[in-house]
1. Can you find, within segment 261-275, the residue that is farthest from Asp240 (Cα to Cα) among those that are more than 17 Å from the chain's Cα centre (by Cα) and buried (at least 22 other Cβ atoms within 10 Å of the Cβ)?
2. Looking only at residues in segment 228-249 that are closer than 25 Å to Pro297 by Cβ and not in a loop (DSSP other than H, G, I, E, B), which one is modelled with the lowest pLDDT?
3. Sort out which residues of segment 362-382 are surrounded by 12 or more Cβ atoms within 10 Å (Cβ to Cβ) and within 11 Å of the ligand (Cβ to nearest atom), and write them in order of number.
4. Just one of Phe293, Phe249 is in the same structural domain as Thr370 (by TED's automatic domain parsing), surrounded by fewer than 23 Cβ atoms within 10 Å (Cβ to Cβ) and within 13 Å of the ligand (Cβ to nearest atom); which is it?
5. Among the residues of segment 1-40 satisfying the criterion of being among the basic types (Lys, Arg) and part of a helix (DSSP H, G or I), which is nearest to Ala61 (Cα to Cα)?
6. Give me the pairs: first residue in segment 140-151 and touching a residue at least 12 places away in the same chain (Cβ under 8 Å), second residue assigned to a strand (DSSP E or B) and of a type in the set (A, V, I, L, M, F, W, C), beta-carbon distance under 7 Å, and six or more apart or on different chains, which are they?
7. Quick one: which of Leu342, Leu314 is in a strand (DSSP E or B) and either within 16 Å of the ligand (Cβ to nearest atom) or among the hydrophobic types (A, V, I, L, M, F, W, C) (or both)?
Amino acid sequence: MPSIAQIAAQVRPFITEVQAEDVDRERRSPTPPRIVDVREQHEWDAGHIPGAELIPLGTIAQAAPQRLPRKDEKIVLHCAAGVRSAVAAYQLQELGYSAVASMAGGFSAWRELGLEVEAPLNRDQLERYSRHLLIPEVGIDGQQKLLRSKVLLIGAGGLGSPAAFYLAAAGVGTLGIIDSDVVDATNLQRQILHTSDRIGEPKVDSAKRTLEALNPDVTVVGYRERLTSENIDRIVADYDVIVDGADNFPTRYLLNDASVKWRKPVVHGSIYRFEGQVTVFKPFEGPCYRCLFHEPPPPEMAPSCAEAGVLGVLPGIIGTIQANEVIKLLLGTGEPLVGRYLLFDATDTTFREVKLHRDPQCPVCGEHPTITEYIDYEGFCASPAEWRAEHSGEAAVPAR
Ligand SMILES: [Zn+2]
């Protein structure tokens, strides 16, 4: 079988070839030709002529009737070096196209002349995200979407660490992290964003250093504060998806009410000893947290805020599942855990799933909402750090 170069050599006398500089001049004229790039998707992704369209050589004969309906239209075909486009020009001519030409030297010639090139991702990004670009569900468009996305993480602790790590690695462009704590030695068994030499450092600063070192495409916005009715609108409004790694009732309810108000999906995770749970609260598509539990329990009935034991690897598993849900929500692909409560048991390595339903009587997302303002629930400790402070007389946020 002859090679594509041999075929090109045979057909070249029968086709018209044009020079790259002439194509560039004509594309800026009042009657620009249609520029069709016949290379493959990955070549296109690495850079292409602005205003060109992609129809790979292997598909052009089939695609022509739909994509190029006017046979008298002026069409310039190009590929990398002018070989594939010569063959494409001949094919189109045979199909009755009367004004097709192949650009001599192809995109290489174009680049050598220093003519304008459009690249959705830069060279470093094409390399960094190459394994994403190979997945049709992500691809160049999905990666661009991730780079433009903003995700807010409630807490840079056990769940926030792996979630933030993978979201940063995936190229989610902006990560907001809210955490008022500092790193302490007991965190290091599971909160993998932080390191031994950062004990005493604010967690948001430590997280920012780790994540921006992993991926310079990511901007980390740290909020060294606790979520309250005062600051929640200012913080939440800016983000596309929220990762809830909160360990206390006041934050969980406040976040729920704000997420319903702003219609922001919350990827909720929780862990205890060997058990973890994950679900997605997507306002008005699935239940919210208050559909399940209208009110927090009375503070005296709430589980103690004293440090609960947890297997160090467990938040790694649950937080990573949360990151996966976030990425699916951002890309609009797959089936997120909306209305599905996923339970993981680390002792026997089993997953169970419980269906969750919206409650028409829900006080925030129901038919007749009764809670229309934020509530700062009092009487709960906000975090184990605060509980420890109350019981030891230390400041809740020790000096660095
Ligand atoms: Zn609800």
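1. Checking each candidate, the answer is Ile271.
2. Going through the qualifying residues, I end up with Phe249.
3. The answer is Cys362, Pro363, Val364, Cys365, Gly366, Pro369, Ile371.
4. It is Phe293.
5. The selected residue is Arg12.
6. Between residues of segment 140-151 that are touching a residue at least 12 places away in the same chain (Cβ under 8 Å) and residues that are assigned to a strand (DSSP E or B) and of a type in the set (A, V, I, L, M, F, W, C), the close pairs are Val151/Leu175; Val151/Val241; Val151/Val243.
7. After ruling out the rest, the residue left standing is Leu342.
Every residue, every condition in (1) of a type in the set (Gly, Ala, Ser); (2) surrounded by fewer than 16 Cβ atoms within 10 Å (Cβ to Cβ), yes or no:
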{"residue": "Val76", "(1), (2)": "no, no"}
{"residue": "Ala81", "(1), (2)": "yes, no"}
{"residue": "Met103", "(1), (2)": "no, no"}
{"residue": "Phe107", "(1), (2)": "no, no"}
{"residue": "Val117", "(1), (2)": "no, yes"}
{"residue": "Leu121", "(1), (2)": "no, no"}
{"residue": "His132", "(1), (2)": "no, no"}
{"residue": "Ile140", "(1), (2)": "no, no"}
{"residue": "Gln143", "(1), (2)": "no, no"}
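The values are calculated or read from the model by the stated rules, or taken from the named source; none is laboratory data. This one's a predicted model, so the numbers in the text were calculated from it and none came from an experiment. A quick note on method: Cβ atoms are made from the backbone with ideal geometry, for glycine too, and the neighbour counts reach across all protein chains shown.
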